Amino acid sequence: MVGQVLIIDILFQEALAHKRTLIFYDQPGCGLSGATSSLSPFEVFSHFRWLSHHLSEGQPSEVIAHSWGALVFVGAVLDNRLSKAPLANFQGGLLINPVPMNAKKYALCAKTLLKRLSWVDRLRLSWRGVVEPSGGKIMDLLLPYYVADQSSLPNSDLPLNKSTYLQMSRQLKIFDYTSVLHRLPKLVAAIGTEDFIIPDLIDDLIPHLSRVHMMNGIGHFPFWEAPDELQNILRTSFL
C-alpha cells in the first residue's frame, strides 16, 4: 500500500490478509523511514521497485496506492530508466485519487488547490513555508481544503516532511508516462468528485483503467470521508 496512511477496517485487513501478505510502504524520508539529505523521484521509484520485488518473493502482487503513491507505483512500473531493476509481478490493484501522469497537469493540481484557499490562508501558507521546519503546521492549514466534509478530518496530526517534499518537488519537473500507460496491469480507481485533482487532470489515465468508481461529494481522502463506500470498493476490487 503506497501513499498516505490508509485507515482500513481491521476486519477487512484480516480478510485481505487471509491469503495475502500486506505490506505498508513508507517511502524514504517519510513516515517511519529515516530522513535523507538527498532524494529524487527516480530514487524513490527505484526503491519501491526493488523492495516490491524482494518482499513479494516471486508471488503475484497487487497494489493500493493513494495520490502521490499512485505516481510512485506507475513510475516504478513504467519508467524505462529502471528497466534493468527487478520488479514484483503486479497483477492489478486500486488507485485512490491518483495524481496526473505528466508534469504539466501535475503542476496544475497545486494551482487548483491554491485557488480554494482564502487570501488570508494564502498569506499564512507563505509564512509557514518560511518558518516551519518540518511542515506539520502547513498540513494543518491545507487539510480542510482537501476534503468536502471537514468533520471527517482526524484529530491526530498528518505530518509532512517539508525537506523531503521540497527535494522531490524541485526535481519532479519533467515526466510524462501518458504514452506508456497501456503497459499498466489491470487497475481500478476510486476518484472523489470534489477532489482538487479533478478528473480532467487524469483523463490520460482513465481510459487505461479497467473500472473507475466516482465517489460523489468526496474529496481527497475517501478513507476518512466515506469509509464505508471505500470499503465496498475494496471488497469489489480484491475479494
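Say R0 is 30 Å: what FRET efficiency, to the nearest 0.05, do residue 57 and residue 80 get from their beta-carbon distance?
Working from the Cβ atoms, E equals 0.75.
With label points built 7 Å along Cα→Cβ from the Cα atoms of residue 182 and residue 216, find their separation and express it in nm.
3.5
Holding the Cα-Cα limit at 25 Å, pick out from 115/137; 19/186; 105/186; 84/162 the pairs that are longer than that.
Where the Cα-Cα span goes over 25 Å, the pairs concerned are 84/162.
Counting each DSSP H run of 4 or more residues in the chain as -39500 (n - 2.57), what helix-only mean residue ellipticity at 222 nm follows after dividing by all residues, to the nearest 500 deg cm²/dmol?
-12500 deg cm²/dmol
Show 164, 193 ordered by accessible area, largest first, where the area counts protein heavy atoms only and the probe is 1.4 Å.
So, going from the largest accessible area down, we get 193, 164.
Ignoring ligands, DNA and RNA, what accessible area per residue does the chain give at 1.4 Å, in Å²?
53
What FRET efficiency do you get for residue 174 and residue 87 if R0 is 22 Å and r is their Cβ-Cβ distance, rounded to the nearest 0.05?
0.45
Pick out which of 115, 186, 19 has the largest mean-square fluctuation in a Gaussian network model of the chain, springs linking Cα atoms closer than 10 Å.
For the chain, modelled as a Gaussian network with Cα springs under 10 Å, the answer is 19.
Of 204, 228, which has the most accessible area and how do the rest follow, probe 1.4 Å?
From most exposed to least exposed: 228, 204.
I want to make sure I understand the PRE zone here: with the label point 7 angstrom from the Cα of residue 15 toward its beta carbon, which residues in the stretch 203-236 have backbone N atoms less than 15 Å away?
So the set is 227-236.
How much accessible area does residue 21 have with a 1.4 Å probe, in Å² rounded to the nearest 10?
Solvent-accessible area, nearest 10 Å²: 120 Å².
What fraction of the DSSP beta bridges in the chain is antiparallel, stated in percent and rounded to the nearest 5?
5
Tell me, what HN-Hα J-couplings in whole Hz come from the Karplus equation 6.51 cos²θ - 1.76 cosθ + 1.60 at θ = phi - 60° for each residue of the stretch 167-173, using x for Gly and Pro?
Listing the rounded values in order: 4, 5, 5, 5, 9, 8, 9 Hz.
The values are calculated or read from the model by the stated rules, or taken from the named source; none is laboratory data. These numbers come from a predicted model, not from an experiment. With ideal geometry, Cβ positions are generated from the backbone for all residues, glycine too; neighbour counts draw on all protein chains shown. Accessible surface areas use protein heavy atoms only, side chains included; no ligands, DNA or RNA. Shrake-Rupley method; radii C 1.70, N 1.55, O 1.52, S 1.80 Å.
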